[in-house]
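Each value in this text was obtained by applying a stated rule to the coordinates, not by laboratory testing. It should be emphasised that the depicted structure is a prediction, and the values quoted were computed from it without experimental measurement. As a convention, Cβ positions derive from the backbone with ideal geometry for all residues, glycine included, and neighbour counts pool all protein chains shown.
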Amino acid sequence: MSERLPERIEDDIKEILLSAEQIESKVAQLGEEISRDYQGKDLLLVCILKGALVFMADLMRRITIPMCIDTMAVTSYGASTVSSGVVRIVKDLDAAVEGKHVLIVEDIVDSGLTLSYLVSYLKNRKPASVRVCTLLDKPDRRQAPVVPDYNGFVIPDKFVVGYGLDYREKYRNLPFVGVPMDRVWNGDGEGPA
Ligand code: 5GP
């Protein structure tokens, strides 16, 4: 079946959960908090690709202390939206984290399986500390006991896109976080779990 492409991706969104302005002021607040908490520490921000890319880019510019970045890419859901519980590392860190204060930057914590795996994976590499900063927290479907150290917004159990989050690799470029119209997945009968 050929893919239906809207003229503007906004046309595929039925509800805006978080506006660009709300996100901007929350990210500024998180940046201030992190700058205060990590003063004098060797901070390494680890961006979990691709979902956290937009959040990371904005957050790091709100951090006022010296810091470094690295990236990891993992698969949790693959092409589906149902968590398999299996996390595969597609791209590992570029450099060692020994002795560094690692802050994992993630788009959303849902079941918690991805983050609980990543936290223990990184703790095995002898960092000074490992903490987690998420933009969104969807606590309703939690399976692993993950509580983000920093979180932007707690949201209801809805599948969201935008500000880095995708549905089948699309909608990451929306400047806000929203819920797609039903027709987005009605095309092939598949939808989020
Ligand atoms: P978890 O392992 O916590 O169940 O899932 C975390 C990953 O699932 C996130 O990094 C994200 O890629 C994906 N995910 C979970 N909920 C949503 C959602 O509502 N929208 C999108 N686009 N991805 C989600």
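Some values worked out for this structure:
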quantity: Bridge type composition, the chain - antiparallel percent by DSSP, nearest 5; calculated: 30 percent
quantity: Farthest positive-ward along the chain dipole, Cα basis, beta-carbon charges - from PRO6, ASN186, VAL97; calculated: VAL97
quantity: Cβ-based net charge around LEU53, under 12 Å, with every Lys or Arg adding one and every Asp or Glu removing one; calculated: -2
quantity: Derived scalar couplings ³J(HN,Hα) [segment 53-67; Karplus, 6.51 cos²θ - 1.76 cosθ + 1.60; whole Hz; x for Gly, Pro]; calculated: 4, 6, 4, 4, 4, 6, 4, 5, 7, 9, 9, 9, 9, x, 7
quantity: 5 angstrom amide H check on LEU49, placed H, neighbours 5+ away; calculated: MET72, ALA73, VAL74
quantity: Computed [θ] at 222 nm, helices only, for the chain once each DSSP H run of length n ≥ 4 contributes -39500 (n - 2.57); calculated: -6500 deg cm²/dmol
quantity: Volume per residue that the Cα convex hull of segment 1-71 spans, once the total is divided by residue count, Å³; calculated: 119 Å³
quantity: Exceeding the 22 Å Cα-Cα cut-off - candidates LYS14/LYS158; LYS50/LYS126; LYS14/LYS91; calculated: LYS50/LYS126; LYS14/LYS91
quantity: Derived scalar couplings ³J(HN,Hα) [segment 135-145; Karplus, 6.51 cos²θ - 1.76 cosθ + 1.60; whole Hz; x for Gly, Pro]; calculated: 6, 10, 10, 10, x, 4, 10, 5, 10, 10, x
quantity: Cα-centred dipole magnitude for segment 16-171, charges only on beta-carbon of K, R (+1) and D, E (-1), debye, nearest 20; calculated: 320 debye
quantity: Translational diffusion coefficient (Stokes-Einstein; Kirkwood radius from C-alpha pairs) of the chain at 10 °C, 1.306 mPa s, in µm²/s; calculated: 92 µm²/s
quantity: Long-range HN-HN contacts of LEU17 with modeled amide H, under 5 Å; calculated: VAL177, GLY178, VAL179
quantity: ³J(HN,Hα), Karplus 6.51/-1.76/1.60, whole Hz, each residue of segment 106-113, x for Gly, Pro; calculated: 10, 6, 8, 10, 10, 5, x, 5
quantity: Per-peptide average of other Cβ atoms within 10 Å, ordering 44-57, 17-30, 102-115 highest first; calculated: 102-115, 44-57, 17-30
